[in-house]
1. Testing Ser8 on (1) in contact with an Asp or Glu (Cβ under 7 Å, 6 or more places away or on another chain); (2) modelled with pLDDT under 95; (3) among the small types (Gly, Ala, Ser), one condition comes back false. Which one is that?
2. May I ask you to say which residue of Gly97, Gly45 is outside any helix (DSSP H, G or I) and surrounded by 13 or more Cβ atoms within 10 Å (Cβ to Cβ)?
3. Can you name the residue in the stretch 136-157 that is farther than 30 Å from Val211 by Cβ and surrounded by fewer than 12 Cβ atoms within 10 Å (Cβ to Cβ) and, of all such residues, is nearest to the ligand (Cβ to nearest atom)?
4. Which residue pairs have Cβ atoms under 6 Å apart, sit 6 or more places apart or on different chains, and have a first residue in the stretch 166-177 that is open to solvent by 100 Å² or more (accessible area, probe 1.4 Å) and a second that is within 7 Å of the ligand (Cβ to nearest atom)?
5. Applying the selection to the stretch 157-176, what residues are assigned to a strand (DSSP E or B) and either more than 17 Å from Val188 (Cα to Cα) or of a type outside the set (A, V, I, L, M, F, W, C) (or both)?
6. Residue under question is Asp160, and the condition is that it be open to solvent by 80 Å² or more (accessible area, probe 1.4 Å), away from the ligand (no atom under 16 Å from the Cβ) and either over 27 Å from the mean Cα position of the chain (by Cα) or touching a residue at least 60 places away in the same chain (Cβ under 8 Å) (or both); does it hold?
7. In the list Val199, Val215, which residue meets the criterion of being β-branched (Val, Ile, Thr) and loosely packed, with under 12 Cβ neighbours inside 10 Å?
8. May I ask you to verify whether Leu209 is crowded, with 17+ Cβ neighbours inside 10 Å and either in a helix (DSSP H, G or I) or within 16 Å of the ligand (Cβ to nearest atom) (or both)?
Amino acid sequence: MRNGQTPSDRLEGFISKIEDFHRLMNFLEAIHKQTYSTDSASDRGTLHYYRNLTNARGAKGKVKNAYRDYKMLYNAVLDAICSLIFLKESGMNDLEGDFLFPDDFPNFSSRDKIMWFNDLIRPMIQKYFFDSKTDIFDNTREIVSDQTHPENYWISNLQDGRFKCHHCDKTYAQAGSLQVHEKKIHQVDIPKPRKKKYVPEDELYDYILSVFKLVILHKNLDTAVDMADGPRSVRSASYELPLYNKTNKTKYLIGSIHLAALTKEGTLPCELRETLIANRFVNLQGGRSNNLALDEYVELLNRDSKIV
Ligand SMILES: [Zn+2]
């Protein structure tokens, strides 16, 4: 808009951002891409199997046309996985079993009850979310955290935005050009490391665990919106990012990087940063945890005006 006559025509000072309802929708769409197949109706333990078992008929077709139905299905499965983990870790066989609370539990303050519960849950989250070995981001993490990783060779000589040759003074704007140059002139050939082959011990277990991890991240963003928790909402972008990468959702991949960068200290003036983090929700009905993402509110207005 550089040809505009006025600052506002030129959109000066305009800060674009991806809105939370669209993030929720696209994150679930990415999770669906990663974990859902209508071919698996007879495979016990898969999402489509549970969709049929629980008669969740609304969950069909594209996620964006049935977001709520898919969300309910995924959340129901997440609840079941959480219950199962809790039973297993508590040494119980079923939900009818006796769970041993501390003797004076009824006398605990609300705060102490929550602390007691958090202490109980923390090792389970550690074990199943953080420590479990199946992780769709393993490869990425290996590259990012190891500077000597072969994938990093081509960007390791980055100077003033240009990639410098390891053997002469030539520099290139793109890592790909450097690669061609070093290969042609200096006979440098670094084979891409072979991806670690995934050797499953128990594919169903790995699948359930990845559903657990992904859906709990979705729920993290979902409840952050309900509670108008801006900082938690923007932090979530960093967790969504690798899945957008994995599922080729480029627009939201870029959006996540953009949001994460703008909300880091030092990118925007402090006041604008705070505004960007906090100003994402509206509460139409009052009460706690009844907040809507701003773009969902716009969708409602849109729908109403179409009806009118
Ligand atoms: Zn060279």
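1. (1)
2. One residue alone meets the criteria, Gly45.
3. Ranking the candidates gives Ile155 first.
4. From residues that are open to solvent by 100 Å² or more (accessible area, probe 1.4 Å), the pairs are His167/His186.
5. Leu158, Gln159, Arg162, Lys164, Thr171, Tyr172
6. Against the criterion (open to solvent by 80 Å² or more (accessible area, probe 1.4 Å), away from the ligand (no atom under 16 Å from the Cβ) and either over 27 Å from the mean Cα position of the chain (by Cα) or touching a residue at least 60 places away in the same chain (Cβ under 8 Å) (or both)), Asp160 qualifies.
7. The unique qualifying residue is Val199.
8. Criteria met by Leu209.
The values are calculated or read from the model by the stated rules, or taken from the named source; none is laboratory data. Please read these numbers as outputs of a predicted model, since none were measured by experiment. Methodologically, a virtual Cβ is constructed for each residue, glycine included, from the backbone with ideal geometry; neighbour enumeration extends over all protein chains shown. Just the protein is used for accessible areas: all its heavy atoms, side chains included, with ligands, DNA and RNA removed. Shrake-Rupley method; radii C 1.70, N 1.55, O 1.52, S 1.80 Å.
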